[in-house]
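As structure tokens, the structure follows; a few thoughts come after it.
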């Protein structure tokens, strides 16, 4: 085992295709849902995911990264660090989130239920260019809700970067550009 820092930067980096194949092989269904938590276990895969989510946005003037509670926080903060941008949390009611907020209610999500989303008013300004980062988008209802919150704040929506996407075309058009490492249909070829 080599000492930390002894391997040249990027030497262990997975190619985009190798990363896609690793994600596809790791995402298996448990109790009827994909267990995305297993891709967090391997540091090389986790690091490659962060780089892949961030890379298309390098040099695009992104000032803030928004993540939706809860798993979105994990990837959005890492991408924010990678892009040297600030992180902004979008919360659901019930958590500690002091101060004035913008609010929106989404269309029903994958569970069939609408969700209320909150954004602290002081976190975005009209000079911000905002990227939304999440692990998985199914219907896109939360991403569209976040898009609405960003508009309420007067900031510029830059796009959406996700690990897995199953967005309908009409939602993709609303949120473009959308960058996904894997499309959900790749997880179940032929089904």
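Which residues, counting only those in segment 102-143, are free of Cβ contacts under 8 Å to residues at least 60 places away in the same chain and assigned to a strand (DSSP E or B)? Selection gives 102, 103, 104, 105, 116, 117, 118, 119, 120, 137.
Could you tell me whether residue 102 is over 17 Å from the mean Cα position of the chain (by Cα), modelled with pLDDT of 90 or more and closer than 24 Å to residue 117 by Cα? Yes; evaluated as a whole, the condition is true for this residue. Inclusion of residue 146 among residues that are buried (at least 17 other Cβ atoms within 10 Å of the Cβ), assigned to a helix (DSSP H, G or I) and more than 13 Å from the chain's Cα centre (by Cα) is not warranted. How many residues are in contact with a strand residue (DSSP E or B) (Cβ under 6 Å, 6 or more places away or on another chain), farther than 14 Å from residue 160 by Cβ and in contact (Cβ under 8 Å) with a residue 60 or more places away in the chain when one looks only at segment 68-96? Counting residues in segment 68-96 that are in contact with a strand residue (DSSP E or B) (Cβ under 6 Å, 6 or more places away or on another chain), farther than 14 Å from residue 160 by Cβ and in contact (Cβ under 8 Å) with a residue 60 or more places away in the chain gives 1. Filtering segment 24-67 to residues that are assigned to a helix (DSSP H, G or I), within 21 Å of residue 186 (Cβ to Cβ) and touching a strand residue (DSSP E or B) at 6+ places or on another chain (Cβ under 8 Å) leaves 24, 36, 39, 49, 52, 53, 56. Against the condition in a loop (DSSP other than H, G, I, E, B), in contact (Cβ under 8 Å) with a residue 24 or more places away in the chain and more than 23 Å from residue 54 (Cβ to Cβ), how does residue 99 come out, does it pass? It is false that residue 99 is in a loop (DSSP other than H, G, I, E, B), in contact (Cβ under 8 Å) with a residue 24 or more places away in the chain and more than 23 Å from residue 54 (Cβ to Cβ).
The values are calculated or read from the model by the stated rules, or taken from the named source; none is laboratory data. Keep in mind it's a predicted model, so treat the numbers as computed, not measured. Because the Cβ atoms are built from the backbone with ideal geometry, glycine has one as well, and the counts that use them run over all protein chains shown.
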